[in-house]
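Read the structure below first, then the notes.
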Amino acid sequence: MIILGIESSCDDTSIALLEVKDSQLHMLAEKTASQIDIHKIHGGVIPEIAGRAHAEHILPVIEEVLKDQPTPDAIAVTAGPGLVTALLVGVEAAKSLSYLLNIPLIRINHMEGHIYSPLLPEQGTDGELKDIAFPALCLTVSGGHSAITLMHKHGEYERIGATRDDAAGETFDKIAKMVGFEYPGGPKISKAAKTGNPKAIDFPRPMILKDTCDFSFAGLKTAALYWLRDNTFEETTITREDFCASIEAAIVDSLLIKTMRAAKKHQPKTIILAGGVSANPTLRTQLEERIAKILPHTTFLKPQKGYSMDNAAMIALAGYYHAKEKDFTTPKELFADPQWYLTDNSN
Ligand code: KG4
Ligand code: ZN
């Protein structure tokens, strides 16, 4: 089966053509047009500018990916959550292609796409499609959304916890902006953190004592703002790297505590880490170490580096599982849903 994946929920126009045959994954073609250079100028994603850039990129990128390739069996497109101006471009392109090529459409939730990203082989290589042992506990941490979800089987999700305010990636980005890093600041904080002392500043770990798997990052953002208001790196012995390491430690700790709390309660067979923040090396290694120590029989899955951030390959792979169940939609029924929560029409 060949699936065309289309992703345009935020600032990447990404298209992938994925073939799944005899449990083998073969990426026929993939291409992503990033808008980072445009949004850098404004310090964040401006929805109207993102929409316009997607509109400029989407047809050339689709054309490049489909050039000299077989006609796909289905088109999987991100319908939400995300920026409506951005989602609309991918959704309308998918509808037009579906009409033109007369192939079925699949409506994909962006966060479900992220959940499947750890099953993708390293970029540029083929690989075997492994089964997920259920139940699987998924920590999805991206720029717009952060959640802990229990996956009972393909397509069946239960909400275990979510952020009550800012997403983890958004927190990284906003605090990075406070210290003068360009958008997107998450990777820059994580790079600076490598040489800093994570114990230099004792930032709060909000809600860790509360018996819930929800998290909250607004308090940490305020604490960072106050620390920067009351201190300068020139006048203290604390360096920018120490500050970044301490922020990273606070975010990672709070994600680890809640994930392990959920894991102890639900005893999953698999723990999946996904979303843009899963590129963070501290989060990747610390979660892996903690799982190995506390739940040694649980399998830990995380995306290959190139697939942590938004990409169409993960949308195509999620689409494959829907296509297997003939879970198709029609151009008339397909619409962009910027607030679509993964568990809305599941559990
Ligand atoms: O999933 P994603 O590509 O886009 C959304 O769906 O939002 O996630 C992007 C987020 C950004 O907030 C970015 O700063 C964050 O992922 N991010 C990181 C790292 N790499 C990307 N955050 C912390 N450490 C990183 N290494
Ligand atoms: Zn994402």
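The values are calculated or read from the model by the stated rules, or taken from the named source; none is laboratory data. Computed from a predicted structure; not experimentally measured. No Cβ is skipped: glycine too gets one built from the backbone with ideal geometry, and neighbour counts run over all protein chains shown.
Of all residues in segment 99-106, one or more are part of a helix (DSSP H, G or I), farther than 19 Å from S8 by Cα, more than 11 Å from ligand 1 (Cβ to nearest atom) and among the hydroxyl-bearing types (S, T, Y). Go through the residues of segment 283-291 one by one and say whether even a single one is of a type in the set (V, I, T), part of a loop (DSSP other than H, G, I, E, B) and more than 16 Å from ligand 1 (Cβ to nearest atom). Taking every residue of segment 283-291 in turn, none turns out to be of a type in the set (V, I, T), part of a loop (DSSP other than H, G, I, E, B) and more than 16 Å from ligand 1 (Cβ to nearest atom). The residue that is surrounded by the most Cβ atoms within 10 Å (Cβ to Cβ), among those in segment 127-150 that are at pLDDT 95 or above and more than 30 Å from I247 (Cα to Cα), is I132. Pairing residues of segment 124-150 that are under 26 Å from Q24 (Cα atoms) and in a loop (DSSP other than H, G, I, E, B) with residues that are within 16 Å of ligand 1 (Cβ to nearest atom) and modelled with pLDDT under 95, at Cβ distances under 6 Å and at least 6 apart in sequence or on separate chains, gives no pairs at all. Among the residues of segment 222-248, those identified as surrounded by fewer than 20 Cβ atoms within 10 Å (Cβ to Cβ) and part of a helix (DSSP H, G or I) are T222, A223, L225, Y226, W227, L228, R229, D230, R240, E241.
Taking segment 256-280 as the range and being assigned to a helix (DSSP H, G or I) and within 16 Å of ligand 2 (Cβ to nearest atom) as the test, the residues that pass are G276, V277, S278, A279. Sub-6 Å Cβ pairs linking a first residue in segment 167-191 that is more than 17 Å from H39 (Cβ to Cβ) and touching a residue at least 60 places away in the same chain (Cβ under 8 Å) to a second residue that is near ligand 1 (Cβ under 8 Å from one of its atoms) and assigned to a loop (DSSP other than H, G, I, E, B), at least 6 apart or interchain, are S190/N280, ordered by first then second residue. Contact annotation: residue pairs with Cβ atoms under 6 Å, 6 or more positions apart or on different chains, pairing a residue in segment 93-122 that is in contact (Cβ under 8 Å) with a residue 24 or more places away in the chain and farther than 28 Å from C138 by Cα with a partner that is of a type in the set (F, W, Y) and more than 16 Å from ligand 2 (Cβ to nearest atom), are P104/F328.
On the stretch given as segment 1-27, residues that are at positive phi and in contact with a Leu (Cβ under 6 Å, 6 or more places away or on another chain) total 1. Please tell me if I49 is surrounded by 19 or more Cβ atoms within 10 Å (Cβ to Cβ) and away from ligand 2 (no atom under 16 Å from the Cβ). So I49 fails the test. Would you check if I272 is more than 10 Å from ligand 1 (Cβ to nearest atom), more than 18 Å from the chain's Cα centre (by Cα) and on the phi < 0 side of the Ramachandran plot? The answer is no for I272.
In the set (1) over 29 Å from K269 (Cβ atoms); (2) assigned to a loop (DSSP other than H, G, I, E, B); (3) away from ligand 2 (no atom under 16 Å from the Cβ), the condition left unmet by K210 is number (1). The test for being within 15 Å of G82 (Cα to Cα), of a type in the set (A, V, I, L, M), at pLDDT 95 or above and touching a strand residue (DSSP E or B) at 6+ places or on another chain (Cβ under 9 Å) does not hold for I15.
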